1. Within segment 110-166, can you find the residues that are more than 22 Å from Asp233 (Cα to Cα) and surrounded by fewer than 18 Cβ atoms within 10 Å (Cβ to Cβ)?
2. Checking the conditions here, which among Thr298, Thr281 is touching a helix residue (DSSP H, G or I) at 6+ places or on another chain (Cβ under 8 Å), of a type in the set (S, T, N, Q) and under 30 Å from Phe52 (Cα atoms)?
3. Confirm whether Val103 is out of contact with any Pro (no Cβ under 6 Å at 6 or more places or on another chain), part of a helix (DSSP H, G or I) and either surrounded by fewer than 14 Cβ atoms within 10 Å (Cβ to Cβ) or among the β-branched types (Val, Ile, Thr) (or both).
4. Tell me, please, whether a residue that is among the small types (Gly, Ala, Ser) and modelled with pLDDT of 90 or more can be found in segment 72-95.
5. Among helices (runs of 4 or more DSSP H) lying entirely in segment 214-283, which contain 1 or more residues that are hydroxyl-bearing (Ser, Thr, Tyr) and surrounded by fewer than 19 Cβ atoms within 10 Å (Cβ to Cβ)?
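The values are calculated or read from the model by the stated rules, or taken from the named source; none is laboratory data. Please read these numbers as outputs of a predicted model, since none were measured by experiment. Note that each Cβ is placed from the backbone with ideal geometry, even for glycine, and that neighbours are counted across all protein chains shown.
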Amino acid sequence: MDRGGRVKADNRRHQSGVALVTAVLIVALATALAAHVGFRGYLDQRRTANQFAFDQGFEFAVGGEAWAADVLKRDKLTGSPTDDFTEEWASPLPPIPVDGGEVSGQIEDMQGRFNLNSLVIAQDGRLRINEAAVTRFERLLTSLDLEKKWARLIVDWIDSDMEGGFPDGAEDDFYTALTPAYHTPNMPITRTSELLALPGFGAQRFQRLEPFVAALPVGTRINVCTASPDVLDALIEGAEEFTLARDNVLEMRKRGCFPSLQDFGKRLDADQARALNSMVTDHSSFFRAVIRVDIGNTHVTLYSVLYRPDSSNLVRPYQRSLGVP
């Protein structure tokens, strides 16, 4: 074969190699595209299924909230004048099977906790520090092995002025110097999780304190029938009676309200009784329904604070949150 024929043969082989490589690349690209389309379709299907399960779980949770409201309404109509742990609302809702999962729940008396918004009082259209309440809250913090300084920091978070309390308070001039910067709301706390906005408070302290505090309207009283021994002792200077007899308190509460308002008052002198008269009660208007729904791999927890006013049998949602109290 002459030189020209060899060149032509080499060109044909080269062109064949290029065509083969091009075909392989096209097949690879088509395969990758098909895999991508299939994966996106799978994700869309999972996303749709998860959203449907979440929506279904939320509707079941709202149904659980309606159950809690009905229990509280019946309690108001047929229960005793006090709200204590012997009543129907204090018994949890056992797991109930639903389509693809189950629903469970419980009702908690939020007035059995220390109301963080009681650290201030409303005067002349402004929120001012309630020194007596701050002292009681400092005693509660101490009993829980937490620093007393958080009481003053919470007051400055809520009160109307812009002056940091001495010695541990902090106002806007402190928070705006942080990274990222933010402002104090200067209004009542709406959720206890706002405590996490306090510098250095942290999740560990929050988990320690959260079972003992609530975020209710300013002036809401503490129910002595359901308050924890720690909260009861924090109300009285130097008291340790209830925390030292914690097991006895729990046992007595299986029979009814303990301590009764009358019994609690006997532990106070005249000045203490007058100071606490506006802080304690033996019945409640604010309860929290905690509804848990499990459907497949989807879990929904609804925290619903329900308000039951003294003046009527109407029970309505006061506040809702998903996943975080």
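1. Those that are more than 22 Å from Asp233 (Cα to Cα) and surrounded by fewer than 18 Cβ atoms within 10 Å (Cβ to Cβ): Ala122, Gln123, Asp124, Gly125, Arg126, Arg128, Ser160, Asp161, Met162, Glu163, Phe166.
2. Of Thr298, Thr281, the one residue that is touching a helix residue (DSSP H, G or I) at 6+ places or on another chain (Cβ under 8 Å), of a type in the set (S, T, N, Q) and under 30 Å from Phe52 (Cα atoms) is Thr298.
3. Considered against the rule, which asks whether it is out of contact with any Pro (no Cβ under 6 Å at 6 or more places or on another chain), part of a helix (DSSP H, G or I) and either surrounded by fewer than 14 Cβ atoms within 10 Å (Cβ to Cβ) or among the β-branched types (Val, Ile, Thr) (or both), Val103 comes out as no.
4. Yes, the conditions are met somewhere in segment 72-95.
5. 241-244
Okay, residues lined up against (1) more than 26 Å from Thr142 (Cα to Cα); (2) small (Gly, Ala, Ser); (3) modelled with pLDDT of 90 or more:
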position	(1), (2), (3)
Gly238	no, yes, no
Lys254	yes, no, yes
Phe258	no, no, yes
Gly265	no, yes, no
Asp271	no, no, no
Val280	no, no, yes
His283	yes, no, yes
Arg292	yes, no, yes
Asn313	yes, no, no
